[in-house]
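Taken together, the values in this text are just the output of simple stated rules run on the coordinates, not laboratory data. These figures come from a predicted structure and were not determined experimentally. Quick reminder, even Gly has a Cβ in these numbers, built from the backbone with ideal geometry, and neighbours come from all protein chains shown.
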Amino acid sequence: MDTAVAKKTGRMPLLSYKAQNNLTILLFLLPAFLLFFLFIIYPIVQSVYYSFFSWKGFGPATDFVGLDNFAQILKDTIFHKAIFNGLLIIAMSLGIQLPLSLALAIMVGRDLPGRGFFRMIFFMPYVVSEVIAAIAFMGLYNPDPTRGLINALITLIPGVEPIGWMGSRELVLPCIFVVMTWKYFGLHMLLFLAGLQSIPTEVEEAARIDGANSWQLVRFITIPMLANTIRTCMYLSILGSLQQFVLVWVMTKGGPVNASEVMSSYMYRYSFVRFWLGYGSAVAIVMLLISLVFSIGYLRIVRQPEYLAAS
Amino acid sequence: MTTATVATPRRNWKRFIPRIIQYVFLTLIVIVVFVPIIMLVFSGLKTRGEAYTFPFVPPIPPRWDNMKLILTTPNFWTMLRNSLLVLAGTTVSVVLICSLAAFVFARMRFRSKDLLFNILTLGLMFPITIAILPVFLLVRQLKLPDTLLAIIIVQTAFSLSGNIMILRGFFLSIPMELEDASYIDGCNSFDFFWRILMPISRPALAAVAALVMIASWNDLLVPLVVINKEALWTLPLGTMQFQGQYGFDISLVNAFVTLSALPTLIFYFFAERQIVTGMTAGAVKG
């Protein structure tokens, strides 16, 4: 068959059809897998090795300490604080950010005049870099009411004292969370809007005819039919919270007094400020395990997320 | 007839109340979205003194001195160039490498295909924020620090899994008949990929490219860890350092930040459709 075609077209295939196919598969997959193994899998395996050493990055790692690094991490109260803060960010994301995005998506709905305009504006912060978002909000949070807009606004109310926002150990994390929400609510809204598009209008019309009011419609039709999108958003939101680094690093570097420390800022400090590379590797491995356990747990318990591309 | 004309406007008016509340609420959110950006721009268009004494009023008349100063010193342009080089390198390699792999996973049959695909999706569980130290150690071993190439390679490697999944989904949705027809016409699988699949997949490729561009352009972590030389700073890295260095001069910092946000916002208003398509790819099923 192959040779017949070849004779007709006048060129002899150097390889049989099957060999040609296999060659295509090999060549096409090669770049992806090369990068994947060299730049993702290999470094991680190597870091597992380094995590058993006390190593400052000069020369080969020789000072084998076994599991000491891990013991140290698990004992460190600052790491506990980082885990607690991570959980707090997750809780706020799921409890505040996602419901807000969902409410906005339902409000914009599918036929509100100006829908495209609102979608465009709400998604805009997503494309602004985290560095810029952080600097913009640092100006707004300025504790001096003659400089920071937020304190200027709240002190307009008689009897309200200016608040120390980012200097306050209790408020610093919620402050960072507000920036996260500002930047990412549009992403979730966008996903919810896409989910809304896929709900057949007949279902809603039928419910209307049966006498459902708007609240009942949302509660018993829209939200259940968005279940998959909601799960996907929860997954992205939790994974995003676990990875939060830039906002924390630019705005507070984990301060004041570790009040806004998260796992990634903790790892960054030990790895790239103090250069305890063995210890930093151990932190990275702990973080990887947490993220792995979460992802596998999600896939096992909930389902395969259909949307996984967000960074 | 008369009753109808009286009744209809009243019912309409009542129906509009929720709409009005909706618009008021949405407008409020629009304001919240804009305030941080507008404050940046305002402050960037004031003199240092004005920015301290009248921080909240619009810059009338606008002072362009800060912007001029930044645009006439080479630093900003060097950073812009570095960011553009990284963006171009990463986008081209991600689109190319991912479409090659996605094509194989979507269109070819071979043993252990599912296994290989699952291995690749593992990458989603190792995000760059978490793997940054391991990756830095490798980059150092390969003697790549202080090169833009290192940023490009690392960004590409960590964008593979997600984008291969998106493109595979898209390639799967292209009708099989097209492929059969091309084989009957004497194409081999490479011809089909290059001459048929890639051209008709342009919208999906554009969507993936737009997303990769945004991620690459905004990335701080990889340049922060990999680059020391000031001549190789990218815009986010430079912006952060500039803020640290000139934090005392708010209007100058904000002018810099405004200028570095400008390209992204312009890009967004032109490519919004591609970005939104890319972002929702796959989610529609959910």
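A few comments on the model shown:
- Euclidean distance of C-alpha centroids, segment A:53-121 and segment B:34-108, integer Å: 25 Å
- Residues A:Glu204, A:Glu130, ranked from the fewest to the most other C-beta atoms within 10 Å, line up as A:Glu204, A:Glu130.
- Taken over segment A:69-301, the ratio of Cα radius of gyration to 2.2 N^0.38 Å equals 1.19.
- Structure-based [θ]222 nm, chain B - -39500 (n - 2.57) summed over DSSP H runs of at least 4, per residue, nearest 500: -25500 deg cm²/dmol
- The trypsin sites (Lys or Arg not before Pro) found in segment B:117-218 that occupy coil by DSSP, while having at most 14 further C-beta atoms within 10 Å, are B:Lys143.
- With 30 Å as the limit, the listed pairs B:Lys113/B:Lys143; A:Lys18/B:Lys143; A:Lys75/A:Lys253; A:Lys81/B:Lys229 have B:Lys113/B:Lys143; A:Lys18/B:Lys143; A:Lys81/B:Lys229 beyond it between alpha carbons.
- Ordering B:Leu116, A:Leu87, A:Leu277, A:Leu140 by the number of other Cβ atoms within 10 Å of each residue's own Cβ, fewest first, gives A:Leu87, B:Leu116, A:Leu140, A:Leu277.
- Counted by neighbouring Cβ atoms within 10 Å, the residues A:Tyr298, A:Tyr268 run from fewest to most as A:Tyr298, A:Tyr268.
- Rounded FRET efficiency, nearest 0.05, which uses the C-beta distance separating B:Gln245 from A:Lys56 and R0 of 30 Å: 0.60
- Cβ-Cβ FRET estimate between A:Thr146 and A:Lys253, R0 fixed at 25 Å, reported to 0.05: 0.45
- Most mobile of B:Tyr183, B:Tyr23, B:Tyr52 in a GNM of chain B (Cα contacts under 10 Å): B:Tyr23
- For segment A:105-110, putting each phi into the Karplus relation 6.51 cos²θ - 1.76 cosθ + 1.60 with θ = phi - 60° gives couplings of 4, 5, 5, 5, x, 10 Hz, in residue order, rounded to whole numbers and with x for Gly and Pro.
- Under Karplus coefficients 6.51, -1.76 and 1.60, residue-wise ³J(HN,Hα) of segment B:238-247 in Hz, glycine/proline x: x, 4, 5, 5, 4, 5, x, 7, 10, x
- Prolate/oblate/rounded label for the protein assembly as shown (Cα gyration tensor, a/c 1.5): oblate
- Cα gyration tensor category, rounded, prolate or oblate, for chain B with a/c compared to 1.5: oblate
- Multiplying the residue separation of A:Tyr42 and A:Gln216 by 0.36 nm and subtracting their alpha-carbon distance yields 57.4 nm.
- Nonlocal amide H pairs with A:Phe53, under 5 Å, H built at 1.01 Å: A:Val65
- Rounded to the nearest 0.05, the FRET efficiency derived from the C-beta distance between B:Trp64 and B:Ala231 at R0 = 30 Å is 0.65.
- Comparing mean-square fluctuations of B:Thr121, B:Thr90, B:Thr73 from a GNM of chain B with C-alpha springs under 10 Å, the top value falls on B:Thr73.
- Ellipticity estimate at 222 nm from DSSP helix runs (n ≥ 4, -39,500 (n - 2.57)) divided over chain A, nearest 500: -19500 deg cm²/dmol
- Where labels lie 7 Å past Cα in the beta-carbon direction, separation of B:Asp180 and A:Phe64 in nm: 6.2 nm
- Choice from B:Phe158, B:Phe269, B:Phe105 with maximal GNM fluctuation in chain B (Cα, 10 Å cutoff): B:Phe269
- Under 20 Å from the B:Lys143 label point (7 Å along Cα→beta-carbon), backbone N, segment B:197-239: B:226-229
- With θ taken as phi - 60° and the Karplus curve 6.51 cos²θ - 1.76 cosθ + 1.60 applied, the whole-hertz 3J(HN,Hα) list for segment B:80-87 is 4, 5, 4, 4, 5, 4, 5, 4 Hz, x standing for glycine and proline.
- Segment B:140-211 and segment A:186-247 have Cα centres lying 31 Å from one another.
- Anisotropy class of segment A:1-153 from Cα gyration tensor, a/c 1.5 cut: oblate
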